[in-house]
1. Please verify whether Ile143 is surrounded by fewer than 24 Cβ atoms within 10 Å (Cβ to Cβ), closer than 21 Å to Val237 by Cα, in contact with a strand residue (DSSP E or B) (Cβ under 8 Å, 6 or more places away or on another chain) and not hydroxyl-bearing (Ser, Thr, Tyr), treating the condition exactly as stated.
2. What residue, among those in segment 50-88 that are in contact (Cβ under 8 Å) with a residue 60 or more places away in the chain and β-branched (Val, Ile, Thr), is farthest from Ala129 (Cα to Cα)?
3. Is there any pair linking a residue in segment 148-168 that is over 19 Å from Phe132 (Cβ atoms) and without any contact (Cβ under 8 Å) to a residue 40 or more places away in the chain to one that is of a type in the set (Phe, Trp, Tyr) and surrounded by fewer than 24 Cβ atoms within 10 Å (Cβ to Cβ), with Cβ under 9 Å and at least six apart or on different chains, and which?
4. Taking the residues in segment 44-61 that are part of a loop (DSSP other than H, G, I, E, B) and of a type in the set (Asp, Glu) as candidates, determine which candidate is nearest to the chain's Cα centre (by Cα).
5. Consider Arg177 carefully, then state whether it is surrounded by fewer than 19 Cβ atoms within 10 Å (Cβ to Cβ) and under 21 Å from Thr103 (Cα atoms).
6. Show the residue pairs meeting these rules: Cβ distance below 7 Å; 6+ apart or different chains; first residue within segment 95-111 and at positive phi; second residue in a loop (DSSP other than H, G, I, E, B).
7. Which count do you get for residues in segment 229-264 that are among the aliphatic types (A, V, I, L, M) and part of a loop (DSSP other than H, G, I, E, B)?
8. Scan segment 265-315 for residues that are within 21 Å of Ile202 (Cα to Cα), in a strand (DSSP E or B) and either acidic (Asp, Glu) or in contact with a helix residue (DSSP H, G or I) (Cβ under 7 Å, 6 or more places away or on another chain) (or both) and report the count.
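Read the figures in this text as sums done on the coordinates, not as results from a lab. These numbers come from a predicted model, not from an experiment. When we count neighbours, we look across all protein chains shown, and the Cβ atoms used for this are built from the backbone with ideal geometry, even at glycine.
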Amino acid sequence: MRRAGIAVILLAALSSPSAAQTVTAVETEGAVTAIVQTPRGSYAETERGTLRIEPGDCDGGICLSPGVIRGLPVRAPDGALPDGFVATAPAGDIVRAWYGQPTDRYAHGVLGDAIEGGSLAAETLDGNAVEFVLPEQQVFEDITPRIRDLDGDGTNEVITIRASQSGGAAVVIYGLRAGELVEITSSSENGRPNRWLNIAAIVPAGTGEGGSTIVGVRTPHIGGRLFTVTMAADGSVTERNDIARNLSNHLIGSRELGLSAVLDGRLYIPSQDRRSLRAPLSDAADIALPAPIDKAIIAVAGRLITATQDGQLLVIEP
């Protein structure tokens, strides 16, 4: 296992008198082009090859070794969204979901091209195929749906980002009812077309409440406003808006939607300029970064790992 070299260690902020937040820049033989985490491991793709990321007694507390990415999601089938992937679930009624019926009718291009999904396709545990087709004024402005049992009732919901030509993006939740894929609920829209949002995390709702909370950033390219949509154990849904501002978990034109991570129950999201990491649902101090980040943020062994836009690998201890 190759021992990574240290480029620089920065003291970013103090979260308490007894614990310092640190950002360690770790040398790699080529610039980092992507950070990837799958159920089978964590990886840094570089210009010189792929490195597996594992905790260990190396610089920054992580060790890097040559590897091959394993456990990547399956691409959506032929005829579906060209750059889409299939979401999967190990249990529940809906076990696979992807975006179908690609269309250019929205013409926004925030995810790198103007092709978006015109339908949500899914497969059930017993092998039945179901599909929800959007009306002409709407698209799924997303890459891969998310499958979760949000209310804990044993059946799954599919969480999507849908955009309309009148109101822009919203979080929309689908599920099975009498064997049909139907819309269960949606958040409010952003208020005008070509105003997008990005989901940052799906986390358990508050202690004793049951259910799950979807956390997202409205207009991550314009001010970045944090919001939540919570589905309680009884299926009721509540929405909170403008919880925090000055956040961004996406770059215009990028297909990377993973610029956020949950570590030890705390959600971290970059600031609008992506030069610091913020924990907007807590009182933790911002963590200054040496340069703007544009790669996915992942959690490995109590640390956050990401990379700057010029390809520098960062290991962050909050």
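1. Here the answer is no, as Ile143 does not meet what is asked.
2. Ile62
3. Taking only residues 6 or more apart or on different chains, the pairs are Gly168/Trp196.
4. In this case the residue turns out to be Glu47.
5. In short, no.
6. Ala107/Ala114
7. Total satisfying the criteria: 8.
8. The qualifying residues number 1.
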